[in-house]
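The values are calculated or read from the model by the stated rules, or taken from the named source; none is laboratory data. Only a predicted model underlies this, so the values are computations on that prediction, with no experimental measurement involved. Reconstructed Cβ throughout: ideal geometry from the backbone, glycine too, with neighbour counts over all protein chains shown. All accessible areas refer to the heavy atoms of the entire protein, side chains included, with ligands and DNA or RNA removed. Shrake-Rupley method; radii C 1.70, N 1.55, O 1.52, S 1.80 Å.
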Amino acid sequence: MKPVKPISPDNLASTLLAAALALPMMQAAHAESAPDKGVISLKLLDYQDSQPGEDRVKVQASALKVMAPLSDEWSVGATYVTDSISGASPAFHSYGLVKLRDFRRALDAEVTRYFAHHTLTLGASASSESDYISRGMSLQGSQFSEDKNTTWTAGLGFANDTVSASTGRVKGENKQVTDVLLGLTQVMSMNDIVQLNASLAHAKGYLSDPYKAFDKRPDERNSYTLLTRWNHHFDATGGSARISYRYFGDSWKIRSHTFNLEYTQPFAQGWSVTPIVRIYSQSAASFYVNAQPDIYPFAPNPPEGAQNYSEDQRVSAYGARTVGIKLAKQINEDWQVDVKFEQYQQRASYRLFGSGSPGLLPFDARTIQLGISRQF
């Protein structure tokens, strides 16, 4: 797990690539023995964000994932990710662009033991870049009902990170994050499956952004997330809809809502099309300092006597909308290729359930993702 980095207001590139490699919910609901076949997949992602008159951050990332059964009772998996980051990020609010360039390598590995009515997965992760090193461990278990229609899941994770910014302002600062997850997946009918997840996280240590000119955040953060998903298959069209809602809250007073809708429609000769719509909204952190465009290009001073303050747009109040489309082709029983395009727009005026923070420039981003996978 990583801190808020100067990639984009929502760390879009990393989030999208991670989501692309996630296992479908249907598979998790019925896992009682190792898969019959292994899978190797490669994802390539190109990301570019911008604000009026400025192209900002560009990310080019690749992810190679391998999962292989060792027997009926064991499987192993690993994911290797690299991403190259270049461009500029605002030093405060939407202004004062600061040049940046970095390269990250990350490796995640896991081993899963399958039992008659439950599974147990042990995972480890490591990532490294010029200003950030992260190491983590995780343990997750799932329990299945006799009819295999109900799955209970519990997980525990821990990450220990070191921040050492190239600006020279921060050297060897530490951060630790502990996560707890509880989940329930229920097959409702031949066509419906639902999932409910609740997670808690506790972070302590250096939680500020060393690349921001005015950024001093609390050294502790407690957060919780509630996630619900519903997958429905339509017999009439052969398509499937995936609907999800995510609520997030933390001790910094940030509250966010994420609505996601996808519909996959298969066609002849192995083709399928998936339109995607996502709506996001959040409130501002309690220590966020509003922009004052009338005194641009100078950032306002932090409030007198304030122990914590931030002029980072990512902890402001705003809303965002994403539209996208994915085209996939099942070449044969083992090979599949896909391409996905998404366009992201962030505006203060898009915020739901309240007004957005004043003085923020519009923010846009687009991603193009290519993928290929093979069973073996």
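Pull up the range 154-165, narrow it to residues that are open to solvent by 30 Å² or more (accessible area, probe 1.4 Å) and assigned to a strand (DSSP E or B), then point me to the one that is modelled with the lowest pLDDT. So, considering only residues that are open to solvent by 30 Å² or more (accessible area, probe 1.4 Å) and assigned to a strand (DSSP E or B), the one modelled with the lowest pLDDT is 162.
Out of the residues in the range 117-127 that are of a type in the set (S, T, N, Q) and within 13 Å of residue 106 (Cβ to Cβ), which is least open to solvent (accessible area, probe 1.4 Å)?
Restricting attention to the range 117-127, the residues satisfying the condition of being of a type in the set (S, T, N, Q) are 119, 121, 125, 127.
Filter again for within 13 Å of residue 106 (Cβ to Cβ), leaving 125, 127.
Details: 125: 40, 127: 12 Å².
Ranking the candidates gives 127 first.
When residue 235 is tested against (1) of a type in the set (D, E, K, R); (2) open to solvent by 70 Å² or more (accessible area, probe 1.4 Å); (3) free of Cβ contacts under 8 Å to residues at least 60 places away in the same chain; (4) in a strand (DSSP E or B), just one condition goes unmet, and that condition is (4).
Residues considered: 138, 130. Of these, the only one that is among the polar types (S, T, N, Q) and buried (at least 18 other Cβ atoms within 10 Å of the Cβ) is 138.
Each row is one residue, and each column tells you yes or no for (1) in contact with a Phe, Trp or Tyr (Cβ under 8 Å, 6 or more places away or on another chain); (2) buried (at least 16 other Cβ atoms within 10 Å of the Cβ); (3) over 17 Å from residue 209 (Cβ atoms).
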residue: 40; (1), (2), (3): yes, no, yes
residue: 43; (1), (2), (3): no, yes, yes
residue: 55; (1), (2), (3): no, no, yes
residue: 71; (1), (2), (3): no, no, yes
residue: 74; (1), (2), (3): yes, no, yes
residue: 86; (1), (2), (3): no, no, yes
residue: 90; (1), (2), (3): no, yes, no
residue: 102; (1), (2), (3): no, yes, no
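Can you find a residue that is on the phi > 0 side of the Ramachandran plot and either in contact with a Gly (Cβ under 9 Å, 6 or more places away or on another chain) or open to solvent by 20 Å² or more (accessible area, probe 1.4 Å) (or both) anywhere in the range 201-213? There is at least one residue in the range 201-213 that is on the phi > 0 side of the Ramachandran plot and either in contact with a Gly (Cβ under 9 Å, 6 or more places away or on another chain) or open to solvent by 20 Å² or more (accessible area, probe 1.4 Å) (or both).
None of 363, 287, 341 is free of Cβ contacts under 8 Å to residues at least 40 places away in the same chain, surrounded by 14 or more Cβ atoms within 10 Å (Cβ to Cβ) and at negative phi except 341. Looking at 194, 177, just one residue is surrounded by fewer than 19 Cβ atoms within 10 Å (Cβ to Cβ), β-branched (Val, Ile, Thr) and outside any loop (DSSP other than H, G, I, E, B), and that residue is 194. Residues in the range 91-100 that are touching a helix residue (DSSP H, G or I) at 6+ places or on another chain (Cβ under 8 Å) and either of a type in the set (A, V, I, L, M, F, W, C) or at pLDDT below 85 (or both): 94 only.
The residues listed here are 147, 108; of these, the one that is more than 26 Å from residue 285 (Cβ to Cβ), without any contact (Cβ under 8 Å) to a residue 40 or more places away in the chain, open to solvent by 60 Å² or more (accessible area, probe 1.4 Å) and more than 21 Å from the chain's Cα centre (by Cα) is 147.
Among residues of the range 65-85 that are in a loop (DSSP other than H, G, I, E, B), those with a Cβ under 7 angstrom from a residue that is open to solvent by 50 Å² or more (accessible area, probe 1.4 Å) and hydrophobic (A, V, I, L, M, F, W, C), sequence gap 6+ or separate chain, pair up as 70/76.
Report yes if residue 121 is under 30 Å from residue 103 (Cα atoms), under 22 Å from the mean Cα position of the chain (by Cα), assigned to a strand (DSSP E or B) and modelled with pLDDT of 95 or more, otherwise no.
The answer is yes for residue 121.
Put simply, of 37, 43, 2 the only residue that is more than 21 Å from residue 318 (Cα to Cα), at pLDDT 95 or above and either more than 16 Å from the chain's Cα centre (by Cα) or not hydrophobic (A, V, I, L, M, F, W, C) (or both) is 43. Considering (1) buried (at least 20 other Cβ atoms within 10 Å of the Cβ); (2) among the aromatic types (Phe, Trp, Tyr); (3) at pLDDT below 95, the lone condition that residue 296 does not fulfil carries the number (1).
Would you mind stating whether residue 267 is open to solvent by 70 Å² or more (accessible area, probe 1.4 Å), under 20 Å from residue 341 (Cα atoms) and either more than 29 Å from the chain's Cα centre (by Cα) or at pLDDT below 95 (or both)? Yes; evaluated as a whole, the condition is true for this residue.
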